[in-house]
Amino acid sequence: MSLKAGIVGLPNVGKSTLFNAITNSHALAENYPFATINPNTGVVMVPDERLDYLADMFHPLRKINATFDFYDIAGLVKGASKGEGLGNQFLAAIRECDAIVEVVRCFDNSQVLRYNEEPVDPKADIDVINLELSMSDLDSVNNRIGKQDIRSRVAHDKTAQYEMPILSALKGVLEQGIPARLVKGLTQEQMDYAKKNFFLLTTKPILYVANVADSDYVNLADCAYYQSVKSIAESERAQCIPLSCEIEYEISQMPSQSDRKEFLESIGCKESGLDKLVKASYKLLNLSTFLTCGKDECRAWTFRNGMTAPECAGIIHSDFQRGFIKAEVYDFKDLEALGSEAAVKEAGKLRSEGKDYLMRDGDVVFFKFNV
């Protein structure tokens with residue numbers, strides 16, 4: 001699955017530090033604007049307790065987690081939509097992404113430069129991103145309106161006539177610096193059409209990361225910066241993940257899982273903010289996981305929601321899809337509750353599914369096919 005989540009934000013908000021922690025890589029993370037120029041790409045492993053459970057049960061030779069790609073994109077500044085800073089490069093990189101992870105600075109530190117030397121203000125920072133992406137989208141919408149208006153009037157083109165009300169509604173919000181994903185008055189069908197055909201930056205799903213100070217990480221209720229980002233996310237029906245990029249990077253460099261677990265327990269956390277972010281980003285990309293298990297390998301496979309059993313079989317190997325006969329499937333929750341595959345079968349929880357079956361997150365599956 002070649003789907004990517006792009007990490008965006010203003011300069012010096014912690015994007016590259018977060019990217020390094022997520023991907024366990026060593027991209028340049030410096031205290032000056034535009035330390036990142038070309039996007040860094042990293043493959044992210046998705047933590048999955050279900051896969052760990054299967055591995056403990058089957059003791060396979062290999063355990064392979066699901067993965068997806070993260071982009072670390074150059075910082076954006078005011079005027080990016082007009083080419084300021086690395087604006088054109090920044091916007092082009094976002095177009096290649098399927099979802100946006102926006103890092104927002106939620107800490108005070110005089111040693112870390114502010115791109116505009118103004119006081120820390122999460123809402124103002126989010127407004128800058130929204131405005132620049134919206135202005136870029138407005139140019140795209142106006143260009144399309146001009147073309148479709150001619151087609152609608154001269155050729156009575158049905159596609160143009162269908163698009164014009166959608167484009168007009170989008171233009172109305174974009175002119176106000178409001179992202180297209182927040183437009184009102186369009187049906188879900190019209191929004192789906194816009195996402196598929198207009199390739200706008202602000203229709204991409206978004207997740208906010210509030211990069212808080214180490215001291216605020218365990219007491220978020222008193223962090224006004226975080227509460228501001230959380231409130232904005234809630235108003236957009238988006239998710240907000242609080243974390244400290246510095247702490248997460250330190251955790252990622254610890255040599256063992258036991259060391260990481262001990263450290264998290266010392267600060268009162270059961271799960272790292274990084275794991276929460278990776279899982280949330282995975283869902284943001286509309287991805288789910290099916291599982292295969294056996295003595296040779298236990299593996300989590302990534303699929304896009306809405307894919308059929310034969311399509312998912314094709315993720316493993318194209319021959320599986322071409323010769324698909326059926327899929328023997330059970331829900332991981334049933335295995336966990338009953339304790340063994342034999343018990344799952346005895347309880348009648350093992351199902352035989354055909355070509356029209358839509359795969360579900362947490363399905364444990366064995367595909368049968370003709371060679």
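Values for this structure:
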item	result
Exposure ranking of ILE325, ILE64 by accessible area [1.4 Å probe, largest first]	ILE325, ILE64
Calculated from backbone phi, Karplus (6.51, -1.76, 1.60) coupling profile of the stretch 216-228 in Hz, x at Gly/Pro	8, 4, 9, 9, 5, 4, 9, 8, 5, 4, 5, 4, 5
Cβ-based net charge around GLU96, under 12 Å, with every Lys or Arg adding one and every Asp or Glu removing one	+1
Net charge over other residues, Cβ less than 11 angstrom from the Cβ of LEU338 (K, R count +1; D, E count -1)	-2
Förster radius 35 Å - calculated FRET efficiency between VAL120 and GLU336, Cβ distance, rounded to 0.05	0.20
Ranked order, TYR162, TYR217, TYR208 - accessible area, probe 1.4 Å, largest first	TYR162, TYR217, TYR208
Relative contact order, percent, the stretch 199-279 [alpha-carbon distance under 8 Å, six or more residues apart]	30 percent
Rounded, prolate or oblate (a/c below 1.5 giving rounded, otherwise prolate when a/b exceeds b/c) for the stretch 267-342 by Cα gyration tensor	oblate
Computed lengthening from GLU346 to LEU182, 0.36 nm per intervening residue step minus Cα-Cα distance	54.1 nm
Theoretical FRET efficiency, 1/(1+(r/R0)^6), r = Cβ-Cβ of ARG151 and GLU236, R0 45 Å, to 0.05	0.85
Accessible carbon and sulfur surface of the chain relative to its total accessible area, %, 1.4 Å	49 percent
Linear extension gain, ARG322 paired with GLN257, 0.36 nm per residue minus alpha-carbon span	19.3 nm
Relative contact order (%) - criterion: Cα under 8 Å, at least six apart; region: the chain	18 percent
Inter-centroid distance (Cα atoms) of the stretch 170-248 relative to the stretch 337-354, Å	41 Å
Charge context of VAL212, other residues only, Cβ under 12 angstrom, K/R +1, D/E -1	-4
Accessible surface, the chain, averaged per residue in Å² (probe 1.4 Å)	49 Å²
Helix-derived mean residue ellipticity, 222 nm - over the chain, DSSP H n ≥ 4, -39500 (n - 2.57), to 500	-12500 deg cm²/dmol
Karplus-derived 3J(HN,Hα), 6.51/-1.76/1.60, for each residue of the stretch 51-58, Hz, glycine and proline x	5, 4, 4, 4, 5, 5, 7, 9
Sequence of LEU284, LEU91 when ordered by accessible area, the most exposed leading, probe 1.4 angstrom	LEU284, LEU91
In Hz, Karplus ³J(HN,Hα) per residue of the stretch 261-276 (6.51, -1.76, 1.60; θ = phi - 60°; x = Gly, Pro)	4, 4, 5, 4, 5, 5, 10, x, 10, 8, 9, 5, x, 5, 4, 4
Using a Förster distance of 35 Å, the FRET efficiency for ALA92-GLU297 (Cβ separation, nearest 0.05)	0.35
[x] 137; [y] 146; [z] 172, with the label sought being that of the calculated volume of the Cα convex hull per residue in Å³	[z]
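The values are calculated or read from the model by the stated rules, or taken from the named source; none is laboratory data. The shown structure was predicted, so the numbers you read here are calculated from the model rather than taken from an experiment. Positions of Cβ are generated from backbone atoms using ideal geometry, with glycine treated the same way; all protein chains shown enter the neighbour counts. All accessible areas refer to the heavy atoms of the entire protein, side chains included, with ligands and DNA or RNA removed. Shrake-Rupley method; radii C 1.70, N 1.55, O 1.52, S 1.80 Å.
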